Amino acid sequence: MTFTLKWMEWTLPTAIFCGTIFLTVIAMTIWQTVSPSMERRGFLPIPTTPGDRLFIGILSSCYLFLAWVGFTQWNLWVLPAIILCWILVVMRWG
Amino acid sequence: MEKWPDNKAWLLVLPVFVIVAFSAIIPLLTVINYSVQDIFGPGQSVFVGVDWFREMLQDYRLREALWRQFLFSGLVLIIEIPLGVLIALAMPKRGWKASAALVTLALPLLIPWNTIGTIWIIFTRPDIGLLGAVINNLLGIPFDHTASPLDAWITVMLMEVWHWTPLVALLAYSGLRAIPEAYYQAARIDGASAWSTFLYVQLPKMRGVLTIAFLLRFMDSFLIYAEPFVLTGGGPGNSTTFLSLYLVKIALLQFDLGPGAAFSLIYFIIVLLFSFIFYQALQRVGKGETV
């Protein structure tokens, strides 16, 4: 029996997307091991750790993506830049 | 929150992570891949970008199924939580009657979900069903869940309430039993009525278990599939087509893997948001803070 991943139907964009999230999680894990972080309070209504803020940033970006795609005809290429800025803002001040 | 003393403990979680990778993460990655392609067969696919997401988000049947789903889950919570608390308050407190009540209450929870659908199909049939025949022939009210959307909704709600209120009742009962007798004695000394005892002693003490009941009932009803699939199959028309029923229709019956995958991800993101909110609420309950 040969083992292939053909059925997963990888494409370059989804590989970049999933790879980025995967690498971010690994980087966050290393960062946490090297300099452990504490829970703190930012502009979000709950105290959060960096991991929480990453999750909140990504999840809210998903909703932004759905709203962008579902309700507007705006250019899709602007969106990654906005999402990147938003996640950085949440990570820094959230 | 205190700092984690030693992160090496996480290494012990690795086996679970491997299992989850095979059972959840790899399938999820595949769904993400499918959601941006038109799949004709193994190795035959065309990249379509975000078109499926656009198509699904502008699909009025998906929007209708979504509102239907929220209506359903909302009704489930509005009916089942107060009813479960009422049943728990009315249950015997000790002795063989308490055991008998607990076992009787737990029975619907032990029945396989498909069987529950079948039970209710037969139970509500207008010609031979006990409930259906009584409503149609004795009360003279026409009632047919295969023909009228309202009747289908009533039947699905009845089934859902019959099936899952016991869970809420059992949780509320365990919460009630955990209240020390001293609280009731203090309430009696103060001359508190039954209502104010409930409002100021029992209800606050049940907050933890009721939060859990609320979360479980919301998530389960939001993901409901088997019972309405067996009972109504989503009909009549689309009147009881909930999100999961519509998803299966697109992905498996029509074999539209791309749109189905995009739909799954939208569904997943909604569930993820509610899971996160509920997780936060539970954390607070665990710390004994107010919700």
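Can you run phi through the Karplus equation (6.51, -1.76, 1.60; θ = phi - 60°) for region B:36-47 and list ³J(HN,Hα) in whole Hz, with x for Gly and Pro?
Values, residue by residue: 10, 9, 9, 9, 9, x, x, x, 10, 8, 10, 6 Hz.
Give the long-range amide H neighbours of B:Gln37: residues separated by 5 or more places, or on another chain, with amide H under 5 Å away, using H modelled in the peptide plane at 1.01 Å from N.
B:Val48
How far apart, in nm, are two points set 7 Å out from the Cα along the Cα-to-Cβ line at B:Lys93 and at B:Leu110?
Using points 7 Å along Cα→Cβ, the separation is 2.8 nm.
Below 8 Å between Cα atoms, with a sequence gap of 6+, how large is the relative contact order for region A:49-94 in percent?
Working: 20 pairs, mean separation 28.0, N = 46.
Normalised by residue count, the contact order of region A:49-94 is 61 percent.
What is the average number of partner chain Cβ atoms found within 10 Å of a Cβ in A:11-19?
Working: counts 8, 1, 6, 9, 3, 0, 4, 5, 0.
Mean partner-chain Cβ count within 10 Å for A:11-19: 4.
In region A:17-74, how does Rg compare with the Kirkwood Rh, expressed as the Rg/Rh ratio over alpha carbon atoms?
Working: Rg = 14.4 Å, Rh = 13.2 Å.
Taking Rh as the inverse mean 1/r over Cα pairs, Rg/Rh reads 1.09.
Using 0.36 nm times the number of residues separating A:Ile58 and A:Trp93, minus their current alpha carbon distance, what extension gain do you get? Walk me through the numbers on the way to the answer.
Values: separation 35, 0.36 × 35 = 12.60 nm, distance 1.51 nm.
Value of the extension gain: 11.1 nm.
Peptides A:81-89, B:163-171: what's the order by average Cβ count within 10 Å, highest mean first? Present the calculation step by step, with values, prior to reporting the outcome.
Values: A:81-89: 13.7, B:163-171: 23.0.
Those peptides, ordered most packed to least, come out B:163-171, A:81-89.
Return one quarter of the surface area of the convex hull spanned by the alpha-carbon atoms of region A:49-94, equal to its mean projected area, in nm². Intermediate values should be presented prior to the final figure.
Values: hull surface 11.7 nm².
So the Cα hull casts an average projection of 2.9 nm².
For region A:67-94 and region B:42-70, compute the distance between their C-alpha centroids and round to whole Å.
21 Å
Assuming 1.002 mPa s and 20 °C, estimate D for chain B with Stokes-Einstein, Rh taken as the Kirkwood radius over Cα pairs, in µm²/s. Please list the in-between numbers first.
Numbers: Rh = 22.4 Å.
Value of D from the Cα-based Kirkwood radius: 96 µm²/s.
If you scale each eigenvalue of the Cα gyration tensor by 5 and take the root, what three semi-axes come out for the protein assembly as shown, rounded to whole angstrom and sorted largest first? Mind showing how you got there, number by number?
Working: eigenvalues 336, 221, 71 Å².
Rounded to whole Å, the semi-axes are 41, 33, 19.
If we count every other residue with Cβ under 11 angstrom of B:Asp220's Cβ, Lys/Arg +1 and Asp/Glu -1, where does the sum land?
In short, -2.
Using Cα pairs closer than 8 Å and at least 6 residues apart in sequence, work out the relative contact order for region B:64-286, in percent.
Working: 231 pairs, mean separation 62.1, N = 223.
That works out to 28 percent.
Multiplying the sequence separation of B:Trp195 and B:Leu139 by 0.36 nm and subtracting their Cα-Cα distance, what value in nm do you get?
Length difference between fully extended and current span is 16.6 nm.
I want the local charge near B:Phe40. Using Cβ-Cβ distances under 12 Å, sum +1 for each Lys or Arg and -1 for each Asp or Glu among the other residues.
Working: positive: none; negative: A:Glu9, B:Asp38, B:Asp256.
After counting each charged neighbour, the total is -3.
None of the figures in this text is laboratory data; all of them are computed from the coordinates on show. Remember, it's a predicted structure, so these values are computed and weren't measured experimentally. Please note: Cβ atoms are built from the backbone with ideal geometry, for glycine as well, and neighbour counts cover all protein chains shown.
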